[in-house]
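The block underneath contains the structure these notes are about, expressed in structure tokens.
Each value in this text was obtained by applying a stated rule to the coordinates, not by laboratory testing. Note that this is a predicted model, so its numbers are computed, not measured. In this analysis, Cβ positions are derived from the backbone assuming ideal geometry, glycine residues included, and neighbour counts consider all displayed protein chains.
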Amino acid sequence: MSMVTVRVDDKLKKEASKIYKDLGLDMATAVRMFLIQSVRTRSLPFDVTLEKPAISDEEFLKMIEEKIPSKKVDFDNPVDVQEFFGDEDFSEYEEVFND
């Protein structure tokens, strides 16, 4: 059997040990569980992420909408369609849509 030695902050060890004790585990068992789960899943057994973004997705979308407003197009109105698509050439599709 191998031995693994890890250096951690005293406060971190104390806090983690308390949690593991409350769960009925000791530090060695908790670390062994971490390693077993890592091998089983071939990954870290938890999500690794950066800090949460300063704003939510909804706030971000609202900000984008304010900077670049969406244009609603009435596709039954030829003027709206022309303004939306501008000078794009869709002549190759005329047969498909003009049946």
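Only one entry in Glu94, Glu88, Glu65 is farther than 30 Å from Met3 by Cβ, surrounded by 10 or more Cβ atoms within 10 Å (Cβ to Cβ), out of contact with any helix residue (DSSP H, G or I) (no Cβ under 8 Å at 6 or more places or on another chain) and not aliphatic (A, V, I, L, M), namely Glu65. Note on the chain: enclosed helices (runs of 4 or more DSSP H) holding 3 or more residues that are among the aliphatic types (A, V, I, L, M) and under 34 Å from the mean Cα position of the chain (by Cα) are 10-22, 27-41, 57-67.
Of all residues in the range 42-70, those satisfying the criterion of being within 30 Å of Arg32 (Cβ to Cβ) and of a type in the set (A, V, I, L, M, F, W, C) are Leu44, Phe46, Val48, Leu50. Pairs meeting the criteria (first residue in the range 78-99 and free of Cβ contacts under 8 Å to residues at least 60 places away in the same chain, second residue loosely packed, with under 10 Cβ neighbours inside 10 Å and not small (Gly, Ala, Ser), beta carbons under 7 Å, at least 6 apart or on different chains) are Val81/Phe75; Phe84/Lys71.
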